[in-house]
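Novice: This structure is in structure tokens; I'll ask about it shortly.
The values are calculated or read from the model by the stated rules, or taken from the named source; none is laboratory data. Predicted model only: the values in this text are computed from it and were never measured. Glycine also receives a Cβ, built like all others from the backbone with ideal geometry; neighbour counts cover every protein chain displayed. We work out accessible area using only protein heavy atoms, side chains counted, and drop any ligands, DNA or RNA first. Shrake-Rupley method; radii C 1.70, N 1.55, O 1.52, S 1.80 Å.
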Amino acid sequence: MPLHIVAFEIGSSHIRGAVGIVEESGNINIVAVEEAPLVGCVRYGCVLNVEETGNRILEMKRKLENHATVSPLKIAGAFVSLGGRSLSSYPVETSRVLGEETEITREIVKSLMEQAKACGITEKEILSVAPGAFCVDGRWQRNPVGMFGTELKGRFSLVVANKDSKKNIKRAFDRAGLKIMGNVVRPLAQADTVLTTDERSLGCVLVDFGAETTTVSIYKDRSLRYLVTIPIGGRAITRDLATALSLTEDRAEEIKLFQGTAFAGESDNQAPRSLDGLDTTTINNYVQARASEIVANVIQQFNYARIRPEDLPAGFIITGGTSMLRGIKELLHRDSGMKVRDAAPAGLVRFSDPSIFAGQMVDVISVITTAQRMGNSAECLTDNKPQLQPLSQPGYYQQGGMQQPASQPYRQDAEQIQPQSQTTQSQPQHTQQSAYRRPDPRANMRDEADQVRVPSWNQFNRAETDDPDEDESYEESYDDRRSRRGNKKPNFLTSLKDKLVNIISESEDDDEQEN
């Protein structure tokens, strides 16, 4: 059966949710994507207000469940991305002496990775271990499995973050009543989704331009070399405009996206215009100043990673909300001399809704693709039907402390059915099967029909003669019926019949006397 994967991504300015269906062929069909703003409760990608974030998660859950492709199923859990200001990588090199010449297996490599975790930073939490290169008896290899040697060395990148980051996310999801099926490191998941094998091998830089943070990941020889999160993003441009031009932050965001440009060469080709009394040249001066600062910080990471731009011929792959700013790619290309392209999900990913813009949803879509790639078979959706558990007595199931016959479906009605063990002495004792049988509503109707017998109209059909005195069989059958009823009091119709018979008889007697 198809597997449903639900993903949540909590950023500094928004929360996104998506539902994907993993088909038997391995294709992933994204059937629902939703987004909602986050204001104040998340700063630099880290949850500060747990209660408010939990409310936004619950709101996102309801939006996804209302999709026609999801309803009437309910979301029971989700995979959640991890990121934020404290996210970074830490290089570690470990070695293991094997003694005599031994074949290197996956178990040996895995034990070397566990050894690298023990060498990590104690004040931070290790979220993932990214393998780099391995050395077998002085020969560096990317994959040592299957080789023979006496000593194995390994270089790893430990992806770490503050311990409170993951803890507060879990608290927020607990408030929303959702189970976290698994955590995914956002930049690693994005790299697995948007980078090609050639780009990883040649060398490239993945940049996620967020609202308050910018994450830089450098890959070379198919392995992660460097990862860091810079505490600056596109919201800095918005706040510069709002402060300098006396605008609200929402209005400044609109002007930045629709009128601003980060590349001076593009703005020079445009004629000066006035927007709400604001000159576009003035607007772009603020936009370009802050955008240049963000790009300069990104390029500066090459020095910290001890790698040259010419060693990364695949260039930049950019994603995030600020990557949609006009002129940002041209600015990055001019200052770095490297080629730049937009990130897009690669592989077997398709979208059932044509309105979904995949370029802007890379962060949450990458969580789904990574969960599928990890082989996690946890189902995130449920039909929300009651689970029936078999009891010791055959043919009965338990639900909510009550037994129900297996032959009848369980229904939650307003009436309460008490088990046999809870019946009082004043109540009649029944067998166990009858004690839990739901009463048939038609039984009351049959009882009432037996108690009130309404005579049918053919009971008042007269014989061939209209004279009741000459119809002796009618009177006899009527008396017989009264005796069978136990001489009960006649009902309304019977009384009415007697009165009519008397009136007709008196009328006929008067006519005979007149004649």
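Novice: Check which residues have an amide H placed less than 5 Å from Met338's amide H, if you skip close sequence neighbours.
Specialist: HN-HN under 5 Å from Met338: empty list.
Novice: Give the calculated FRET efficiency between Asp164 and Ser25 to the nearest 0.05, with a Förster radius of 35 Å applied to their Cβ-Cβ distance.
Specialist: Taking R0 as 35 Å, the efficiency between Asp164 and Ser25 is 0.30.
Novice: Let's see if you can work this out: charge +1 on each Lys and Arg Cβ, -1 on each Asp and Glu Cβ, no other charges. What is the dipole magnitude of segment 8-139 about its Cα centre, in debye to the nearest 20?
Specialist: Computed about the Cα centre, the dipole is about 500 debye.
Novice: Take each of the peptides 64-74, 179-189, average the number of other beta-carbon atoms within 10 Å over its residues, and list them starting from the highest.
Specialist: 179-189, 64-74
Novice: Name the residues whose placed amide hydrogens come within less than 5 Å of the amide hydrogen of Ala378, ignoring near sequence neighbours (fewer than 5 apart) on the same chain.
Specialist: The list, which skips near neighbours in sequence, is empty: none.
Novice: I'd like the Karplus ³J(HN,Hα) series for segment 80-85: coefficients 6.51, -1.76, 1.60, θ = phi - 60°, whole numbers in Hz, and an x wherever there's a Gly or Pro.
Specialist: Karplus-based 3J(HN,Hα) across segment 80-85 equals 10, 7, 10, x, x, 4 Hz.
Novice: How high is the relative contact order of segment 87-143, in percent, with contacts defined as C-alpha pairs under 8 Å that are six or more residues apart?
Specialist: Computed over segment 87-143, the figure is 26 percent.
Novice: Once the dipole of segment 3-154 is set up with Lys and Arg at +1 and Asp and Glu at -1 on Cβ about the Cα centre, which of Gly54, Gly20, Leu73 lies farthest towards its positive end?
Specialist: Value computed over the given set: Gly54.
Novice: With a 1.4 Å probe and all protein chains kept in place, how much accessible area does Cys119 have, in Å² rounded to the nearest 10?
Specialist: Roll a 1.4 Å probe over it and Cys119 shows about 70 Å².
Novice: So what are the ³J(HN,Hα) numbers for segment 44-55, from phi and the Karplus equation (6.51, -1.76, 1.60; θ = phi - 60°), rounded to whole Hz, Gly and Pro as x?
Specialist: Along segment 44-55, the couplings run 6, x, 10, 6, 9, 9, 5, 5, 5, 5, x, 5 Hz.
Novice: Further, regarding this structure: What ³J(HN,Hα) values, in whole Hz, does the Karplus curve 6.51 cos²θ - 1.76 cosθ + 1.60 give for segment 341-358 when θ = phi - 60°, with x put for Gly and Pro?
Specialist: 9, 7, 7, 8, x, 10, x, 8, 10, 9, 10, 6, 9, x, 6, 6, 8, 4
Novice: Considering amide H positions built from the backbone, and no H for Pro or chain starts, which residues 5 or more places from Leu82, or on another chain, come under 5 Å of its amide H?
Specialist: For Leu82, the qualifying residues are Val184, Val185, Arg186.
Novice: Also: Please give the contour-minus-distance gain from Ala346 to Met147: 0.36 nm per residue of separation, less the Cα-Cα distance, rounded to one decimal in nm.
Specialist: That pair, Ala346 and Met147, stretches by 68.4 nm at full extension.
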